[in-house]
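Heads up, the thing below is written out as structure tokens.
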Amino acid sequence: KQEVTQIPAALSVPEGENLVLNCSFTDSAIYNLQWFRQDPGKGLTSLLLIQSSQREQTSGRLNASLDKSSGRSTLYIAASQPGDSATYLCAVTGGGNKLTFGTGTQLKVEL
Amino acid sequence: DAGITQSPRYKITETGRQVTLMCHQTWSHSYMFWYRQDLGHGLRLIYYSAAADITDKGEVSDGYVVSRSKTENFPLTLESATRSQTSVYFCASSGDRSSYNSPLHFGNGTRLTVT
């Protein structure tokens, strides 16, 4: 059974800092890995999707990497802003297009 | 507007009642999913559907029923609600049937309380 772990569970940083969120998974037989953002009381918004054959994806200040063989992904956020405060979740896609989610990292960016 | 819509946003019901949560998407996505989100458990898959009239169980399907007679709708029914089904329920959809590389789009959720 696939298990996805995210460390740390919570993170507080000052504005402007670069930061890294970690995601690990136990079964490397995945089709892709997605990073999501969730704001309080809202659904999840897809940030980046890395296909299993890719090593990284970038969108603006976000960069996600994937090392399938070691079962790890990182989400790098450059020059963090208070608007980046949210919970970040990673999820891996296995057979049947089903996703397994991590429990998230709650990020707070302080002024 | 294109998107995925869940209704109601909030629902309070009593133990033993039947309740249906609605989900509607306007993209004609093939895949649709129901998740529940609970503290300490994260998001867990209840049911999913690869196309109209094709559904399959997820990891926490007991006590739930789904149907998908039309591509755009995927209602979730709690046949006899229990307190353990108090949760936030999310509907999601993704891409075309042949692609495993379409991002997942979520609705804003339904917060269900069973008293």
Qualifying residue in region A:72-83 (condition: outside any loop (DSSP other than H, G, I, E, B), within 14 Å of chain B (Cβ to nearest Cβ) and either under 18 Å from A:E3 (Cβ atoms) or of a type in the set (V, I, T) (or both)): no
Every residue from region B:1-26 that is within 22 Å of A:F36 (Cα to Cα) and within 13 Å of chain A (Cβ to nearest Cβ): B:G3, B:I4, B:T5, B:Q6, B:R9, B:C23, B:Q25
Spans of strands (runs of 3 or more DSSP E) in region B:1-97 with at least 3 residues touching a Pro at 6+ places or on another chain (Cβ under 8 Å): B:19-25
Positions within region B:13-28 being within 21 Å of B:T71 (Cα to Cα), over 14 Å from the mean Cα position of the chain (by Cα) and modelled with pLDDT of 90 or more, in sequence order: B:T26
Leading residue by the ranking (surrounded by the fewest Cβ atoms within 10 Å (Cβ to Cβ)) among those in region B:56-68 that are more than 11 Å from chain A (Cβ to nearest Cβ) and under 11 Å from B:W34 (Cα atoms): B:V65
Criterion violated by B:Q85 - all others in (1) within 14 Å of chain A (Cβ to nearest Cβ); (2) farther than 20 Å from B:H24 by Cβ; (3) touching a Leu at 6+ places or on another chain (Cβ under 6 Å) satisfied: (1)
Selected residue [surrounded by fewer than 17 Cβ atoms within 10 Å (Cβ to Cβ), within 14 Å of chain B (Cβ to nearest Cβ), modelled with pLDDT of 95 or more and not in a loop (DSSP other than H, G, I, E, B)] from A:T5, A:T87: A:T5
Answer residue from region B:45-73, given it is closer than 13 Å to B:Y31 by Cα and of a type in the set (K, R) and is nearest to the chain's Cα centre (by Cα) among those: B:R68
Residue list for region A:93-111, filter: in contact with an Asp or Glu (Cβ under 8 Å, 6 or more places away or on another chain) and either outside any strand (DSSP E or B) or crowded, with 22+ Cβ neighbours inside 10 Å (or both): A:G94, A:G96, A:T100, A:L111
Subset of region A:93-111 (residues that are more than 11 Å from every other protein chain (Cβ to nearest Cβ) and either under 10 Å from the mean Cα position of the chain (by Cα) or on the phi > 0 side of the Ramachandran plot (or both)): A:T105
Tally of residues being within 23 Å of A:C90 (Cβ to Cβ) and basic (K, R) across region B:15-66: 2
Hits in region A:26-71 - residues which are at pLDDT 95 or above, crowded, with 16+ Cβ neighbours inside 10 Å and charged (D, E, K, R): A:R37
Candidate set: region B:27-44, residues that are closer than 14 Å to B:L104 by Cα and out of contact with any strand residue (DSSP E or B) (no Cβ under 6 Å at 6 or more places or on another chain); chosen: the one nearest to the other protein chains (Cβ to nearest Cβ): B:W27
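The values are calculated or read from the model by the stated rules, or taken from the named source; none is laboratory data. As the structure is a prediction and not an experimental result, all values here were calculated from the model. All Cβ positions, even for glycine, are placed from backbone atoms using ideal geometry, and neighbour counts span all protein chains on display.
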